[in-house]
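One structure follows; several queries about it will come next.
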Amino acid sequence: MAAQDLIGKRGESIVSARLLDFCGNPLPYFDPHNLGQKFPTFDYLVELVSAKGMKPYFFAQVRATKQGYTRGSMQLRVAVKAREIRTMVRCPIPTYVIGVDEPTETAYIVSIHGSMKGRLASIPTRYPLDCSNLKKLWGEVASYWESLDPRRRTSAFTF
């Protein structure tokens, strides 16, 4: 196994541990499910814990690095290809990239949405995957799912 594969595997473990942080609560905010290496774009389907009456979730891609940060702007040097960004933007549910600075075990999250289409060479470090941001993330994803109107759904397979 190549070093980069092991760094990625460790990064996924770090993200899983961060997402499962109880943050002083009786339960964690999230229940991450690793999608395995066969899934082309996303590494995790992450369910919200304790959401009333539904099982909201989001997708996340994890990028781990030992390359550190850019000078001056303090962005984590993790790259995401333009093709992957376009695929994430087209996904109809919330999608995120979580970058991991492997040596310090620090993770940062950014939303992938809207008109984004170019590659990312780095991600901002404004949003560490800490308890404060985990709570905000839970609220953001829960709000997204609550805003959907299930009565508007139609199907050719109704009974």
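The values are calculated or read from the model by the stated rules, or taken from the named source; none is laboratory data. What you see is a predicted model; the values in this text were computed from it and never measured. Because the Cβ atoms are built from the backbone with ideal geometry, glycine has one as well, and the counts that use them run over all protein chains shown. SASA here: full protein model, heavy atoms, side chains in, ligands and nucleic acids out. Shrake-Rupley method; radii C 1.70, N 1.55, O 1.52, S 1.80 Å.
Identify, by number, the condition in (1) of a type outside the set (D, E, K, R); (2) over 24 Å from Arg90 (Cα atoms); (3) at pLDDT 95 or above; (4) part of a helix (DSSP H, G or I) that Phe22 doesn't meet.
(4)
Name the residue that is nearest to Pro124 (Cα to Cα), counting only residues in segment 88-101 that are modelled with pLDDT under 95 and over 14 Å from the mean Cα position of the chain (by Cα).
Across segment 88-101, the extreme among qualifying residues is Arg90.
Now a separate question. Which one of the conditions (1) under 21 Å from Phe30 (Cβ atoms); (2) out of contact with any Cys (no Cβ under 8 Å at 6 or more places or on another chain); (3) not charged (D, E, K, R) does Tyr69 fail to meet, given that it meets all the rest?
(1)
Sticking with this one: Scan segment 88-95 and tell me whether some residue there is in contact (Cβ under 8 Å) with a residue 40 or more places away in the chain, touching a Lys or Arg at 6+ places or on another chain (Cβ under 8 Å), closer than 28 Å to Leu27 by Cα and part of a strand (DSSP E or B).
No, because not a single residue in segment 88-95 is in contact (Cβ under 8 Å) with a residue 40 or more places away in the chain, touching a Lys or Arg at 6+ places or on another chain (Cβ under 8 Å), closer than 28 Å to Leu27 by Cα and part of a strand (DSSP E or B).
For segment 93-110, state whether one or more residues are open to solvent by 40 Å² or more (accessible area, probe 1.4 Å) and farther than 23 Å from Gln4 by Cα.
Checking segment 93-110: not a single residue is open to solvent by 40 Å² or more (accessible area, probe 1.4 Å) and farther than 23 Å from Gln4 by Cα.
Moving on to the next point. Please determine, by comparing only the residues of segment 48-68 that are in contact (Cβ under 8 Å) with a residue 12 or more places away in the chain and more than 21 Å from Tyr108 (Cβ to Cβ), which one is most open to solvent (accessible area, probe 1.4 Å).
Narrowing segment 48-68 to residues in contact (Cβ under 8 Å) with a residue 12 or more places away in the chain: 48-51, 54, 56-66, 68.
Of the ones still in play, those that are also more than 21 Å from Tyr108 (Cβ to Cβ) are 49-51, 54, 56.
Details: Val49: 31, Ser50: 79, Ala51: 21, Met54: 60, Pro56: 1 Å².
Out of the qualifying residues, it is Ser50.
Turning to a different aspect of this structure: Report, by residue number, each residue of segment 115-159 that is β-branched (Val, Ile, Thr), open to solvent by 30 Å² or more (accessible area, probe 1.4 Å) and at pLDDT 90 or above. Walk me through how you get there before you give the answer.
We begin by selecting, within segment 115-159, every residue β-branched (Val, Ile, Thr); these are 123, 125, 141, 154, 158.
Now drop any that are not open to solvent by 30 Å² or more (accessible area, probe 1.4 Å), which leaves 125, 154, 158.
The answer is Thr125, and nothing else.
Which members of segment 15-38 meet the condition of being out of contact with any Leu (no Cβ under 9 Å at 6 or more places or on another chain), open to solvent by 60 Å² or more (accessible area, probe 1.4 Å) and of a type outside the set (A, V, I, L, M)? Write out each step before concluding.
Of segment 15-38, the ones out of contact with any Leu (no Cβ under 9 Å at 6 or more places or on another chain) are 16-17, 20, 22, 24-27, 36-38.
Checking the rest, the ones that are also open to solvent by 60 Å² or more (accessible area, probe 1.4 Å) come to 20, 22, 24, 26-27, 37-38.
Correct list: Phe22, Gly24, Pro26, Gln37, Lys38.
Related question: For Phe42, which of the numbered conditions (1) open to solvent by less than 30 Å² (accessible area, probe 1.4 Å); (2) aromatic (Phe, Trp, Tyr); (3) farther than 22 Å from Trp138 by Cβ fails to hold?
Status for Phe42: all satisfied but (3).
Please go through segment 69-92 and give me each residue that is exposed (fewer than 14 other Cβ atoms within 10 Å of the Cβ) and within 20 Å of Gly139 (Cα to Cα), ordered by number.
The answer is Pro92, and nothing else.
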